[in-house]
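Read through the structure below, which is laid out as structure tokens, and then see the notes.
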Amino acid sequence: MHRLRNLIIIAHIDSGKSTLSDRLLQATGTVSAAALASRSQFLDSNPIERERQITIKARAARMRWGDSTVTLIDCPGHHDFSRQVSQSARAVEGALLVVDASRGVQAQTLSSVELALEAGLELVPVINKIDLPTADVPAARHQIEQLVGLDASEAILTSAKSGLGVDTLLDAIVERLPPPQGCREAHLQALVFDSYYDQYRGVVLFVRIVNGTVCKGDSIRPMTRTHSDDGSVSEFIVDKVGFLQPDEVECDMLESGDIGFLTAAIKRTGDVPVGDTITHCGDKGAQEQLPGYEDTKAVVFCGLFPTDSGDLPAMRMALQKLQLEDASMVFEPDKSAAMGTGFRCGFLGLLHMSVTQQRLEEEFNLNLFASAPSVSYKILKEGETEWLDVSNPASIPDGKVKIMEPYAKVELICHSDHVGSLMELSQSRRGELQDQRYIGLDRVKLMYSLPLSELVTDFHDAVKSRSSGFGSMSYELEGMRPNRLRRMDVHIANSAVDGLSCVIHEDNAYAEGRFMVDKLKQVIPRQMFKVAIQAVIGGKVIASEQISAYRKDVTAKCYGGDASRKKKLLKKQAEGKKRMKMIGSVAIPQEAFLAILSRD
Ligand code: GDP
Ligand code: MG
């Protein structure tokens with residue numbers, strides 16, 4: 001039997017994770033240098049990923065090194081997708097921790113390291129970009145020891161750019177990482193750590209076989225999600241099994257320790273969710289599923305409206321199609337007095353929201369307008385006994401209504417110098433300190449209970465900027481809590497813009513109202529008439545501003561001459577206009593609906 005090694009790579013964005021993965025594929029002869037050159041970055045295959053330079057979906061690749069078989073899973077770096085990191089971590093025994101030699105250990109690396117350590121993974125530190133003149137290897141080593149708490153004396157030094165150190169790294173992977181445990185003769189238990197939808201074959205599952213074997217023709221079933229949405233029992237016949245190299249290579253059988261893919265005419269990714277355990281149907285099935293399954297939960301919601309109402313059917317089809325491959329995105333029809341008819345959509349976070357919106361526009365040719373994002377509340381109307389879920393603040397009724405909001409348990413790790421600044425930030429966001437302790441000489445861990453609505457805005461950016469980029473943050477949902485919350489509306493030119501409604505705490509009402517009208521005054525362009533902006537709670541104006549009349553002539557700055565420049569500017573203005581929504585007689589830019597997101 002081959003010696004197996006399974007691992008993930010964790011790194012801060014831009015440390016060279018994808019470049020290094022490509023080098024490993026090349027050094028092991030899995031993919032030729034020519035093929036690599038012709039297809040930029042093998043493991044990042046989604047065009048939006050490439051454009052945004054982030055890895056959204058985890059990808060796997062299997063390679064041979066000596067008499068060992070090494071399988072590498074590349075996982076996303078952004079927090080919205082941290083669930084994928086934890087799922088991938090469950091599928092492997094080891095992790096490479098890639099640190100940029102010129103920048104050292106950065107924010108977010110720490111929370112990924114914690115995920116890896118929680119999953120019991122063996123970590124191999126790698127200091128990359130040693131070719132850079134600004135590389136400081138001793139400093140990077142020191143930080144790995146101080147911040148991450150790993151012995152860095154045996155860190156592998158690499159340049160993914162030149163290929164230096166890559167062979168040494170492969171040797172270290174084989175020598176230092178433990179082989180998978182598991183029993184080939186036991187009943188099948190396969191962990192689904194990722195999946196995607198293929199229009200011809202149905203869902204392609206990426207699996208780690210923990211125990212047993214699986215072959216083409218086997219009858220399989222997911223152990224948690226035993227029934228599909230339509231109520232039918234979820235059982236599938238395996239069409240195909242294989243490995244990723246990183247393209248799919250079919251084989252006869254996957255066995256315990258293997259990482260590979262399988263297809264079984266599964267129609268929706270939600271039918272066999274990521275994190276679930278697959279086993280055989282009938283007596284041959286395992287009794288227990290693998291530990292650690294968690295349901296995904298949308299935490300941020302917004303209304304998406306086609307700018308052309310004729311696109312509504314096309315938008316519904318596009319959302320249905322996207323949901324086949326991304327079961328974490330949810331949607332339902334939505335109607336807004338100001339914005340028209342569209343859909344209320346839920347996402348894992350703001351990045352997930354903007355990536356999805358971009359996909360709808362680029363892959364499905366839709367023009368969309370988004371309302372202000374919000375979390376989901378629970379409300380209790382007067383005289384009623386049942387709490388209702390409300391993810392659209394505009395649909396919270398006026399008058400006596402109790403509101404509960406979601407809280408998150410937030411963990412912040414930072415240098416002791418930044419504790420004061422992060423505490424100030426957390427308190428300004430209604431956070432309650434739960435615990436504070438030193439971990440290591442000058443590293444501090446803060447635990448807060450914080451309203452999710454305060455967290456999903458720019459909290460993460462604020463943590464980073466207040467800690468010189470070194471603070472790291474992770475959170476998990478904690479539950480709902482009642483608070484003195486009120487719906488705040490925004491009136492522009494005396495008409496309510498429901499897409500701008502939000503929920504605020506009574507104690508902060510005036511500050512929130514002031515913030516909102518000031519922000520809107522900055523982003524709404526002057527019109528040909530005076531425009532009043534008002535923040536309103538329960539019919540009472542709590543803050544107002546006025547935009548004075550002005551006629552915008554964008555070409556005024558180009559004194560005569562250059563006609564092409566003039567044309568360009570006019571074209572730009574026309575494009576900008578596409579992103580305007582007419583509310584009554586006022587044109588409001590898309591930006592206004594995102595204004596509430598930038599706080600700090
Ligand atoms: P990722 O975000 O961690 O996947 O990082 P990428 O692999 O996309 O690399 C980010 C940038 O760093 C790219 O411009 C790479 O060309 C560059 N890069 C990666 N590794 C090295 C290295 O060893 N040396 C130098 N000089 N640049 C590198
Ligand atoms: Mg990458």
ask   = Where residues in the stretch 97-112 are in contact with a Gly (Cβ under 9 Å, 6 or more places away or on another chain) and modelled with pLDDT of 85 or more, which of them is surrounded by the fewest Cβ atoms within 10 Å (Cβ to Cβ)?
value = 100
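Yes or no, residue by residue, for (1) over 35 Å from the mean Cα position of the chain (by Cα); (2) surrounded by fewer than 16 Cβ atoms within 10 Å (Cβ to Cβ); (3) at pLDDT 90 or above:
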| site | (1), (2), (3) |
| --- | --- |
| 516 | no, no, yes |
| 526 | yes, yes, no |
| 529 | yes, yes, no |
| 535 | no, no, yes |
| 546 | yes, yes, yes |
| 549 | yes, yes, no |
| 556 | yes, yes, no |
| 560 | yes, yes, no |
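Among the residues of the stretch 210-221, is there at least one that is within 28 Å of residue 98 (Cα to Cα), in contact with a strand residue (DSSP E or B) (Cβ under 9 Å, 6 or more places away or on another chain) and more than 16 Å from ligand 2 (Cβ to nearest atom)?
We begin by selecting, within the stretch 210-221, every residue within 28 Å of residue 98 (Cα to Cα); these are 210.
The next check asks that each one be in contact with a strand residue (DSSP E or B) (Cβ under 9 Å, 6 or more places away or on another chain); those that pass are 210.
After this cut, where a residue has to be more than 16 Å from ligand 2 (Cβ to nearest atom) as well, the list is 210.
Taking every residue of the stretch 210-221 in turn, at least one turns out to be within 28 Å of residue 98 (Cα to Cα), in contact with a strand residue (DSSP E or B) (Cβ under 9 Å, 6 or more places away or on another chain) and more than 16 Å from ligand 2 (Cβ to nearest atom).
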inquiry  = When you check residue 298 against the structure, is it modelled with pLDDT under 90, surrounded by fewer than 20 Cβ atoms within 10 Å (Cβ to Cβ) and more than 20 Å from residue 180 (Cα to Cα), yes or no?
reply    = yes
Filtered residues of the stretch 124-135 (kept if crowded, with 21+ Cβ neighbours inside 10 Å and more than 9 Å from ligand 1 (Cβ to nearest atom)) = 124, 125, 126, 127
key: Index of the failed condition, residue 324 passing every other in (1) in contact with a His (Cβ under 9 Å, 6 or more places away or on another chain); (2) over 26 Å from residue 580 (Cβ atoms); (3) hydrophobic (A, V, I, L, M, F, W, C)   = (1)
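Going through 454, 432 one at a time, which residue ends up being within 14 Å of residue 406 (Cβ to Cβ) and charged (D, E, K, R)? Even if it seems obvious, please write down each step before you answer.
On the way: 432 fails: within 14 Å of residue 406 (Cβ to Cβ).
That would be 454, the only listed residue that is within 14 Å of residue 406 (Cβ to Cβ) and charged (D, E, K, R).
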query = What are the residues in the stretch 227-257 that are under 27 Å from the mean Cα position of the chain (by Cα), assigned to a loop (DSSP other than H, G, I, E, B) and at pLDDT 90 or above, if any?
reply = none
ask   = Do you know which residues across the stretch 136-176 are within 29 Å of the chain's Cα centre (by Cα), more than 16 Å from ligand 1 (Cβ to nearest atom) and not acidic (Asp, Glu)?
value = 143, 144, 146, 147, 148, 149, 150, 173
task = Report the residue count in the stretch 387-405 for those that are touching an Asp or Glu at 6+ places or on another chain (Cβ under 8 Å) and part of a strand (DSSP E or B).
result = 1
ask   = Pick from 282, 260, 231, 217: which is out of contact with any His (no Cβ under 7 Å at 6 or more places or on another chain), surrounded by 20 or more Cβ atoms within 10 Å (Cβ to Cβ) and not hydrophobic (A, V, I, L, M, F, W, C)?
value = 260
key: Single condition residue 417 does not satisfy, out of (1) over 26 Å from residue 371 (Cα atoms); (2) part of a strand (DSSP E or B)   = (2)
key: Per-region count, the stretch 341-350, residues assigned to a helix (DSSP H, G or I) and surrounded by fewer than 19 Cβ atoms within 10 Å (Cβ to Cβ)   = 0
inquiry  = Can you go through 235, 325 and tell me which one is in contact with a helix residue (DSSP H, G or I) (Cβ under 6 Å, 6 or more places away or on another chain) and of a type in the set (D, E, K, R)?
reply    = 325
ask   = (1) buried (at least 22 other Cβ atoms within 10 Å of the Cβ); (2) in a loop (DSSP other than H, G, I, E, B); (3) over 25 Å from the mean Cα position of the chain (by Cα): which one isn't true of residue 92, the others all being true?
value = (3)
query = Does at least one position in the stretch 444-466 carry a residue that is of a type in the set (S, T, N, Q), farther than 28 Å from residue 587 by Cβ and assigned to a loop (DSSP other than H, G, I, E, B)?
reply = no
key: Positions within the stretch 384-420 being surrounded by 17 or more Cβ atoms within 10 Å (Cβ to Cβ), within 30 Å of residue 435 (Cβ to Cβ) and among the hydroxyl-bearing types (Ser, Thr, Tyr), in sequence order   = 407
inquiry  = I'd like the full set of residues that are more than 28 Å from the chain's Cα centre (by Cα) and more than 30 Å from residue 470 (Cα to Cα), limited to the stretch 397-424.
reply    = 397, 398, 399, 400, 401, 402
request  = May I ask you to list the residues in the stretch 1-29 that are within 12 Å of ligand 2 (Cβ to nearest atom) and among the polar types (S, T, N, Q)?
outcome  = 15, 18, 19, 21
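Could you please let me know if residue 69 is assigned to a loop (DSSP other than H, G, I, E, B), at pLDDT 85 or above and away from ligand 1 (no atom under 13 Å from the Cβ)?
On the way: assigned to a loop (DSSP other than H, G, I, E, B): no; at pLDDT 85 or above: yes; away from ligand 1 (no atom under 13 Å from the Cβ): yes.
Spelling it out, it is not the case that residue 69 is assigned to a loop (DSSP other than H, G, I, E, B), at pLDDT 85 or above and away from ligand 1 (no atom under 13 Å from the Cβ).
The values are calculated or read from the model by the stated rules, or taken from the named source; none is laboratory data. As the structure is a computational prediction, the values presented were derived from the model and not from experiment. For neighbour counting, all protein chains shown are included, and Cβ atoms are generated from backbone atoms with ideal geometry for every residue, glycine included.
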